[in-house]
Amino acid sequence: MQNINKVLNFIIYITCFFLLFKIFDFVCNNAFNRDFYWLLETGNYILNTHTLPETDLFSWTAQNQTWILYQWLFELSVAYINKIIGLSLLIKLYGLLVFIIYFILPIHLQNKQKTPFFFSYIVCTLAFYSACSNLSVRPLIITSLFLVLQYILIKYYFSKKFCIFLLAFIYLLWANMHTGVLLGLFSLALYSLSAVLQKKYTLAKIILKYIFICFGISLINPYTYKIYTYLFNLSSQTYLNNVISELVSPNFHNISPKIFLFLFISCLLIGKKFFRLEIYLHILLFCLATFFAGRFIVWSSLFIALGLPTALYKYTKTLNYKPQTFLQNKFSYFTLISILGIVCICSFSSSIDGECAKLKKAQQFYLSYIHSHKNTKVLNDDLIGSCLISKSKVFIDSRFDFYGSNFVKSWREDFLMGQNFQNYLNKWQPNLIFIQKNWPIYSILKVNSGFPIIYEDGIAVILIVK
């Protein structure tokens, strides 16, 4: 019987290993989404000029519009690292950072709580997988990193004098790298609330003091309080919240949200008595937020990885179940590092072009065309705009929050959907249209003699506006 258990557990470990391999490879191959290109180019601008842009750099439609670059330090960091090691290694480095945040650190923290490696390994692998679909190279990962570091400081080093100084330094960086700094303050509030619920009023007051200090530190950025008013303004733009995919509910037909749902239901079924109250509050509220905005899945999965393994272990102890595994209570750093090394060495990114890879030929034709036709004003969709952002001025790109809901709504409905395209063209007067063929406007324009096609392949089309 013992040999059968060992074989079964060995199969589980091998299965999880190949799942980790798949996750790491997925993260690397999907590291560059359509936001990456403007993030990198903005970082290059800051790196080269040593200044922050005050107005838009990339479009001909909003070139005089004020631009609040709330994540400037992240963009600068990406550009500098890219300059030193190149894009290919940048992908690997980013993949390693994600691997450490979502797998290595949670397992290490579970080990400190005497949780058998068996539980940590399986739960952290599943949580990592549920988050991976939204883990491209974007400032979201900074919020994940700092949420983990804040958790470690509050849980293990709260009584140390250096705790508040490290938190202050974290919030100084956080406020200049991602607006997720607001989630950090919310997380601190949850720690304070859990202390109140446990009648640890002194602890609650200290954490409340930390909240005010960290909020004050977060205002040390080029835009001070405007990083918070930006979030308020974005949340009030209902139309954008409905068209930006990560701000709507996850598609539970996909595997990652299904795994997230399974993990969340597991937490509910186990019950809060097996969790530390503060981590249970984080899991509950971040998971509920995920049902309304899919981007929260990266943080809810993270807190599940930090809390569920230990809770699951405590729960199985009440059932008198003892996992018969060859790594039952022996946390092997050698094993963990070996897993990390093998996964990193064996995973290869197939492309550093990301979503733009499929548009390479169309881009080459477009660049050749504008080289011989100066003052070209192109009307494009958001993906094509993002791919062209380093090469020419575009009509729009993936920064929907920058362009605003009125602009995005008119562009989508009047032009791309073809509802009022002629008046839209008269308003903006482009002389070239470069779009993907899956938009309804393509079917309208291709039969209109006023828009001769000069390039077409299976994905994109370029038309002249007469």
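Every number here is computed from the coordinates shown, using simple stated rules; none is lab data. No experiment lies behind these values; they were computed from the predicted model shown. Positions of Cβ are generated from backbone atoms using ideal geometry, with glycine treated the same way; all protein chains shown enter the neighbour counts.
Laid out as a table, the results:
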{"read-out": "Over the chain - Rg/Rh using Cα atoms and the Kirkwood inverse-distance radius", "value": "1.01"}
{"read-out": "Unit charges on C-beta of K, R, D, E only; dipole of the chain, Debye", "value": "1600"}
{"read-out": "Relative packing of 368-377, 296-305, which averages over residues the other C-beta atoms within 10 Å, highest first", "value": "296-305, 368-377"}
{"read-out": "Net charge, residue 155 excluded, C-beta distance under 15 Å - Lys, Arg +1, Asp, Glu -1", "value": "+4"}
{"read-out": "For the stretch 354-464: relative contact order, % (alpha-carbon pairs under 8 angstrom, 6 or more apart)", "value": "27"}
{"read-out": "Angle in degrees between helix 181-197 and the longest Cα principal axis of the chain, rounded to the nearest 10", "value": "30"}
{"read-out": "Net charge of Cβ neighbours under 14 Å - reference residue 35; Lys, Arg +1; Asp, Glu -1", "value": "-3"}
{"read-out": "Percent of C-alpha pairs per 5 Å bin, the stretch 193-279, short to long", "value": "3, 11, 10, 11, 11, 17, 19, 15, 4, 0"}
{"read-out": "Ordering of 202-210, 266-274, 142-150 by packing [mean C-beta count within 10 Å, highest first]", "value": "142-150, 202-210, 266-274"}
{"read-out": "Paired Rg and Dmax values of the stretch 366-418, which use every Cα atom, in angstrom", "value": "12.0, 35"}
{"read-out": "Packing-based ranking, highest mean first, of 54-67, 153-166 given that Cβ atoms within 10 Å are counted", "value": "54-67, 153-166"}
{"read-out": "Net +/- balance of residues flanking residue 304 in space, Cβ distance below 15 Å, scoring K and R +1, D and E -1", "value": "+2"}
{"read-out": "Degrees between helix 297-318 axis and first principal axis of the chain (Cα, 0 to 90, nearest 10)", "value": "20"}
{"read-out": "P(r) tail fraction, the stretch 354-464 - alpha-carbon pairs more than 21 Å apart, %", "value": "30"}
{"read-out": "Convex hull per residue volume in Å³, alpha carbons only, for the stretch 101-194", "value": "107"}
